[in-house]
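Single-structure report; data block below.
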Amino acid sequence: MLALAAGAALASAQSGDTPKPPTPVTSFDAAAIDKTADPCADFYQYACGNWNKNNPIPGDQTRWMRSFSLLNERNRYLLWQELDAAARAPQSPLQKQYGDYYAACMDTATLDKKGAAPIKPAWALIDGLKNTRQLSALMSELENDGTPDGFFEFGVSQDDKDSSQQIAQLYQGGLSLPDRDYYLVDNARFKEIRAKYVAHIARMLALAGIAPEQAGKDAAAVLEIETALAKASMSRTELRDPSNRYHIYTTAELTKLAPNFDWALYFQSIGMGHFDSLNVGTPEFFRALNGLLASEPLPAWKSYLRWQALNGEAKLLSKPFFDENFAFFSATLSGQKEPQPRWKMCTSMTDGALGEAVGQDWVKQNFPPEAKDNMDKLVTALEKSLGDDIRTLPWMTEETKKAAEEKLSMIRRKIGYPENWRDYSSVKVDRADLLGNTHHASVYERNYGYAKLGKPVDEKEWGMTPPTVNAYYDPSMNDINFPAGILQPPFFDFKVDPAVNFGAIGVVIGHEMTHGFDDQGSQYDGKGNLREWQTEADRKAFNERTQCEVDEYSGFVAATATSDAPVQKLNGRLTLGENTADNGGLRIAYMALLDTLAAEGKSLDDKIGGYTEAQRYFLGFAQVWCQNQLEPAARQSALVDPHAPGKWRVNGSVQNFDGFGKAFGCKVGQPMMPTKSCRVW
Ligand SMILES: [Zn+2]
């Protein structure tokens, strides 16, 4: 799934601040502009400078964006009103269920009384482990109860080479820090993070009742195992290439690859139906895990499992656990000053667990039918522009252009919310049992996924909940998806001039469509199968053009050097798909705007509020990405987030598109109108 932006991590929280209605977000904001800046030298500074100066990062955030953050606050507040009302006086069984879920999360008095007790049943099971051969039985028992256990990821999803088939898939996992680099890179910053991580594990284990000296030893064992798993893991950049993570094994071959784990017993015990083969996404990881199962002593595995169970539930326990978890994962790793108010965390958690239940009522209140119709027209306009773009592309042969157009014609769209809502009636919710509720919801989600094995693919299914401020393209489905949550100002606004709307939501639509043709998406055909449809010469030209973007973005700085860490530049390969999508989106939404203005007898040079239509288009685009981010968070994003930060999403895109330089009268050779630029689509 290729999303528009990184999902907000489930925020941590403890205080009980009273929710306040958030500030409304306007689509075009003349006051955000820094008129002292030269748009041809640094367009991001010009479009966002004043907003960035006047909008410091709130204490409960690590990044603060004019579009995503403000809209997310608004949507969450509206959702909170719904949940709070349902918790007090539910009007239907559905409202009773999600109201109770929310209420259990808010009930910190009950959590504080329970202390570490909720994780003790899982720890008792772990204590009973007699040898590593019993791990598969133990893990299935933990997972059947919803307890997190680390090690690896297993699930069911579409076969990359036959998207009509739902198959079992096995991937690397088991790390608690944000990326393998945190375990492996040797600079002062990472060494300090690792030392603080071990101290954090020890404190958490001690809080749960392990003697401090033993807790220290256990923590060291956890870091040793996780470091070994990190070494065996593929990097995020390697994982981008679908062929790197496609390895069909029979179950017998999997047993040969990693005989020290009882796969047959595991698959049977977690309730998977019969299957003969599966995709082992990262075989080297499982080869290494197999060796580790033989070499690491049993007590180390028990420490690892205790830590996985405790760490995975830390936010659901009493205040000492919550605070210690916040101090390391939020404050130390990303610089966050204070936890989010509890109501925010509980609203997001309820949306995450029962999203299509709460979403039903949310869209009734917040997503009028005409918004769906308007969006449908916009998507059609963007589709036409991408077709025009493909037909006039300077580097592609006629043969491949036809294949690209065919793929484009097969992209399906989903707008707003699902046609068929998921049924959560089997999820047991108890107002006094937060941990139990979370377990029931996660087991429900797991079994929902497992049940897909061998079944026809449901094309109407959604991967995001309705209030989500985001959008995505799915290469196996070949579809673009826009939740109701993003179809609001400043992205989507029919009260403003079309230039601003095309610059914002138009570019978002173009971005998602272009994902079908980026470094990953372009390897799948219109049916969502991993199959080459470009000629060899076209693929070579494509790779040369994407390499141009890789080199360009690899030069952009995400965080400057500090006393303990070198300069952090963007990873042009990790961010390639998103950058290609941004560049393509900016070009084709501009073409769609030209069509729209022509149909209305208007010109790009017409002025509104002192800016031409063309200038308002680029300002509408840029102002989506105004943002402030804490330094540690910016470093973390550069390693884990396939999206570039706002500044480079804006400046990287406009300097590759000469329409921008023309709109602002830039001279060739100025930073935003370089002599050499990159273009894929
Ligand atoms: Zn994207």
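Here are the numbers for the structure shown:
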item: Failed criterion for Lys217 (all others in (1) part of a helix (DSSP H, G or I); (2) in contact with a Phe, Trp or Tyr (Cβ under 8 Å, 6 or more places away or on another chain); (3) not small (Gly, Ala, Ser) hold); result: (2)
item: Segment 569-589, subset farther than 16 Å from Ala663 by Cβ and small (Gly, Ala, Ser), residue surrounded by the fewest Cβ atoms within 10 Å (Cβ to Cβ); result: Gly572
item: Count of residues meeting criterion [open to solvent by 40 Å² or more (accessible area, probe 1.4 Å), of a type in the set (Asp, Glu) and in a helix (DSSP H, G or I)] in segment 270-325; result: 2
item: Residue that is nearest to the ligand (Cβ to nearest atom) [pool: residues in segment 574-596 that are of a type in the set (Ser, Thr, Tyr) and either more than 18 Å from Val654 (Cβ to Cβ) or in a loop (DSSP other than H, G, I, E, B) (or both)]; result: Thr575
item: Test for Glu338: is it touching a residue at least 12 places away in the same chain (Cβ under 8 Å), assigned to a loop (DSSP other than H, G, I, E, B), under 30 Å from Ala206 (Cβ atoms) and not hydrophobic (A, V, I, L, M, F, W, C); result: yes
item: Check on Ala592, touching a His at 6+ places or on another chain (Cβ under 6 Å) and either on the phi < 0 side of the Ramachandran plot or surrounded by fewer than 21 Cβ atoms within 10 Å (Cβ to Cβ) (or both); result: no
item: Total residues in segment 667-676, condition in contact (Cβ under 8 Å) with a residue 60 or more places away in the chain and over 18 Å from Tyr590 (Cα atoms); result: 3
item: Neighbours by Cβ (under 6 Å, 6+ apart or cross-chain): first from segment 537-560, within 16 Å of Arg679 (Cβ to Cβ) and in contact (Cβ under 8 Å) with a residue 60 or more places away in the chain; second of a type in the set (D, E, K, R) and not in a helix (DSSP H, G or I); result: Thr546/Asp519
item: Residues (open to solvent by less than 20 Å² (accessible area, probe 1.4 Å) and part of a strand (DSSP E or B)) located in segment 170-181; result: Leu170
item: Evaluation of Cys48 against (1) assigned to a loop (DSSP other than H, G, I, E, B); (2) surrounded by 19 or more Cβ atoms within 10 Å (Cβ to Cβ) (one fails), failing number; result: (1)
item: Members of segment 262-313 that are of a type in the set (A, V, I, L, M, F, W, C), under 21 Å from Gly146 (Cβ atoms) and touching a Ser or Thr at 6+ places or on another chain (Cβ under 9 Å); result: Leu265, Phe267, Ile270, Trp301, Trp307, Ala309
item: Close pairs (7 angstrom Cβ cut-off, 6 or more residues apart or separate chains): in a strand (DSSP E or B) in segment 561-573, open to solvent by 50 Å² or more (accessible area, probe 1.4 Å) anywhere; result: Ala565/Ala188; Lys569/Val557
item: Segment 133-143, residues that are open to solvent by 20 Å² or more (accessible area, probe 1.4 Å) and under 23 Å from Asp276 (Cβ atoms); result: Ala137, Glu143
item: Some residue of segment 182-205 being aromatic (Phe, Trp, Tyr), modelled with pLDDT of 95 or more, out of contact with any His (no Cβ under 9 Å at 6 or more places or on another chain) and open to solvent by 20 Å² or more (accessible area, probe 1.4 Å); result: yes
item: Qualifying position, being open to solvent by 10 Å² or more (accessible area, probe 1.4 Å), within 16 Å of the ligand (Cβ to nearest atom) and within 18 Å of the chain's Cα centre (by Cα), among Pro475, Pro483; result: Pro475
item: Pair list, Cβ under 6 Å, 6 or more apart: segment 163-188 residue closer than 17 Å to Gln308 by Cα, other residue small (Gly, Ala, Ser) and outside any loop (DSSP other than H, G, I, E, B); result: Leu175/Ala230; Arg180/Ala230; Tyr183/Ala230
item: Residues of segment 489-519 that turn out to be charged (D, E, K, R), modelled with pLDDT of 95 or more and either surrounded by fewer than 24 Cβ atoms within 10 Å (Cβ to Cβ) or not in a helix (DSSP H, G or I) (or both), as a count; result: 2
item: Residues within segment 228-261 that are part of a helix (DSSP H, G or I) and out of contact with any Lys or Arg (no Cβ under 7 Å at 6 or more places or on another chain), tallied; result: 16
item: Selection count where residues are part of a loop (DSSP other than H, G, I, E, B) and within 28 Å of the chain's Cα centre (by Cα), scope segment 353-395; result: 2
item: Identity of the residue in segment 396-421, surrounded by fewer than 17 Cβ atoms within 10 Å (Cβ to Cβ) and part of a loop (DSSP other than H, G, I, E, B), that ends up farthest from the chain's Cα centre (by Cα); result: Thr397
item: The listed residue being within 16 Å of the ligand (Cβ to nearest atom) and in contact with a Ser or Thr (Cβ under 6 Å, 6 or more places away or on another chain), out of Pro632, Pro642; result: Pro642
item: Count of residues meeting criterion [assigned to a loop (DSSP other than H, G, I, E, B) and among the aromatic types (Phe, Trp, Tyr)] in segment 30-45; result: 0
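Residues checked against (1) closer than 25 Å to Leu79 by Cβ; (2) away from the ligand (no atom under 16 Å from the Cβ); (3) not polar (S, T, N, Q):
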{"site": "Glu405", "(1), (2), (3)": "no, yes, yes"}
{"site": "Ile411", "(1), (2), (3)": "no, no, yes"}
{"site": "Asn420", "(1), (2), (3)": "yes, yes, no"}
{"site": "Asn447", "(1), (2), (3)": "no, yes, no"}
{"site": "Tyr450", "(1), (2), (3)": "no, yes, yes"}
{"site": "Gly454", "(1), (2), (3)": "no, yes, yes"}
{"site": "Pro490", "(1), (2), (3)": "yes, yes, yes"}
{"site": "Asp493", "(1), (2), (3)": "yes, yes, yes"}
{"site": "Gly506", "(1), (2), (3)": "no, no, yes"}
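The values are calculated or read from the model by the stated rules, or taken from the named source; none is laboratory data. Just so we're clear, the structure is a prediction, and the values are computed from it rather than from any experiment. With ideal geometry, Cβ positions are generated from the backbone for all residues, glycine too; neighbour counts draw on all protein chains shown. When the accessible area is computed, the model is the full protein with side chains, heavy atoms only, and any ligands, DNA or RNA have been set aside. Shrake-Rupley method; radii C 1.70, N 1.55, O 1.52, S 1.80 Å.
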